[in-house]
1. Out of all the residues in segment 170-193, which are surrounded by 18 or more Cβ atoms within 10 Å (Cβ to Cβ) and in contact with a Phe, Trp or Tyr (Cβ under 7 Å, 6 or more places away or on another chain)?
2. Wholly within segment 173-220, which strands (runs of 3 or more DSSP E) include no fewer than the required count, namely at least 1 residues that are modelled with pLDDT of 95 or more and closer than 21 Å to residue 297 by Cα?
3. Of everything in segment 222-253 that's part of a loop (DSSP other than H, G, I, E, B) and more than 20 Å from residue 72 (Cβ to Cβ), which residue is farthest from the ligand (Cβ to nearest atom)?
4. What number of residues within segment 376-398 are touching a residue at least 40 places away in the same chain (Cβ under 8 Å) and open to solvent by less than 50 Å² (accessible area, probe 1.4 Å)?
5. Of all residues being of a type outside the set (A, V, I, L, M, F, W, C) and in contact (Cβ under 8 Å) with a residue 24 or more places away in the chain in segment 249-262, which is least open to solvent (accessible area, probe 1.4 Å)? Just the residue, please.
6. May I ask you to verify whether residue 265 is surrounded by fewer than 19 Cβ atoms within 10 Å (Cβ to Cβ) and away from the ligand (no atom under 16 Å from the Cβ)?
7. Being more than 22 Å from residue 99 (Cβ to Cβ) and touching a strand residue (DSSP E or B) at 6+ places or on another chain (Cβ under 6 Å) is the filter; apply it to segment 279-312 and report the residue that is surrounded by the most Cβ atoms within 10 Å (Cβ to Cβ).
8. Filter segment 157-169 down to residues that are more than 9 Å from the ligand (Cβ to nearest atom), open to solvent by less than 40 Å² (accessible area, probe 1.4 Å) and over 16 Å from residue 213 (Cβ atoms), then give me how many there are.
Amino acid sequence: MLCDFGASNKVSSMRTLLRLKLLMSEVRWTMWQNRSSSNSSIRSLESNTSILKHLISKITATGPISVAEYMREALTNPVAGYYVKNDMLGAGGDFITSPEISQIFGELLGVWCVSEWMAAGKSCTFQLVELGPGRGSLASDILRVFSQLKAVLGETDISVHLVEVSPKLSQFQAECLTGDKMQTCNDDQLAYRSGTTRTGLPIYWYRRIEDVPRGFSVFLAHEFFDALPIHKFQRTEKGWREVMVDIDPESPEKLRFVVSHSPTLASGILIQNDDRRQHVEVCPEGGVIVQKLANRIAEDGGAALIVDYGHDGTKTDTFRGFKGHQLHNVLEAPGMADLTADVDFSYLRKMTGNEVTCLGPVTQRSFLKNMGIDSRLQVLLRNCHDPSTRAQLIHSYDMLINPEKMGLRFQFFSVLNRGRLAQYRGMQKNTAPVAGFAELDMQ
Ligand code: SAH
């Protein structure tokens, strides 16, 4: 359902960009908080061997398991999975993410959400849906932008929907986003938690994307797809074979990789015939999720912004573990370390189908520069006189956009309703007037 906003849902590029420019200048860019402080870690200190024991008895009973099954158990086992019981983010955790590094990151993404809502015709209802919200920092920065842009958003019926598998992290998110105004939902409801944000919006938590209500939505996924289970395949003389996880015969308390002798169901259906690589990783769960987002965007309107480290179908072995900000052997201490694989954006693009338009991937550096990160930094610096906070601002800006740091490693990829760019058919996609994906004239 669209509000009566001018005659058409297709707002012209100039109008949209001018509105965005206006809207960005309206935001009061206040210093919000220093993200560098160490987190109150609730990390479990006791040695965790329960997942390893569980996997060893499973492999003993039924044979080697796929890397996807290994990754799923290690990360999201409902009792002892890494994401289920840890707060892994921040200085005291295992890795740090852009929203935790600087408030500017979330603020610029907040502006992107509003600009896409405007460009799509200012729907009367607007669902902000975040997949894997971590500690809630990104959503919190975005909601602050929404409150500052109240005049632009008007009477729009805005709601917030978080898809989070971790009960522990959902508590952090609830605390961060609602203070104490939240409640647990009954078993018969799709949301397992709900409440009201500090800014007065209804907010809900779900375990799966399909439980989120239908309606115009902007979906955000920051470092979410890289946490989804991958299958690994090796090219051999006999054709593609799946890489599996087995017990190490030399040391029965340890795991090792083996290459399956015969084809598996996954090697039969997940490999493209024309793939020229020697080793391939495929994330079918990511494919299914992006397909669901694409179907919703095609039918209900909206957009998705997927941000992650990744490649466009070129990389091979990217499966890694992180613990305490250090690389960690992926097969050691499952459940105690983060496991991750680069996102294959070419695969995500293929899985979205023909009913939506995809943009990107573009680097984090160019996306944030296109969104005006330089002028935002200047405004914050102008309003800040504390030398250490100023140094921190400059340091975090550098972390985000320096090509040697996160600037080139992280990629932005968007899925849009086809109507969004219908009037620009024939124009090159990298010049399409979508904030972040094209240079905005900020003069
Ligand atoms: N977006 C945050 C957190 C990234 S960590 C940030 O950038 O700071 C990955 C997040 O995805 C965590 O919140 C984790 O609990 C969640 N997650 C991982 N696998 C998931 C799954 N299968 N379904 C829902 N959430 C998942």
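The values are calculated or read from the model by the stated rules, or taken from the named source; none is laboratory data. None of the values given here were measured: they were computed from a predicted structure. Ideal geometry is used to build each Cβ from the backbone, glycine not excepted, and the neighbour counts take in all protein chains shown. What goes into the accessible areas is simple: the full protein's heavy atoms, side chains included, and nothing from ligands, DNA or RNA. Shrake-Rupley method; radii C 1.70, N 1.55, O 1.52, S 1.80 Å.
1. Keep residues of segment 170-193 that are surrounded by 18 or more Cβ atoms within 10 Å (Cβ to Cβ), which gives 170, 172-174, 177-178, 182, 191, 193.
Correct list: 170, 191, 193.
2. The strands (runs of 3 or more DSSP E) meeting that bar are 202-206.
3. The qualifying residue farthest from the ligand (Cβ to nearest atom) is 237.
4. Here is the first cut: in segment 376-398, the ones touching a residue at least 40 places away in the same chain (Cβ under 8 Å) are 376-377, 379-380, 383-384, 389, 392-393, 396-397.
Subsequent filtering for residues that are open to solvent by less than 50 Å² (accessible area, probe 1.4 Å) retains 376-377, 379-380, 384, 389, 393, 396-397.
The total comes to 9.
5. First, the residues of segment 249-262 that are of a type outside the set (A, V, I, L, M, F, W, C): 249-254, 256, 260-262.
From the residues that got through so far, the ones that are in contact (Cβ under 8 Å) with a residue 24 or more places away in the chain too are 252-254, 256, 260.
Values: 252: 85, 253: 135, 254: 114, 256: 91, 260: 23 Å².
Top of the filtered list is 260.
6. Values: surrounded by fewer than 19 Cβ atoms within 10 Å (Cβ to Cβ): yes; away from the ligand (no atom under 16 Å from the Cβ): yes.
Criteria met by residue 265.
7. Only one residue fits best here, namely 297.
8. Total meeting the criteria: 0.
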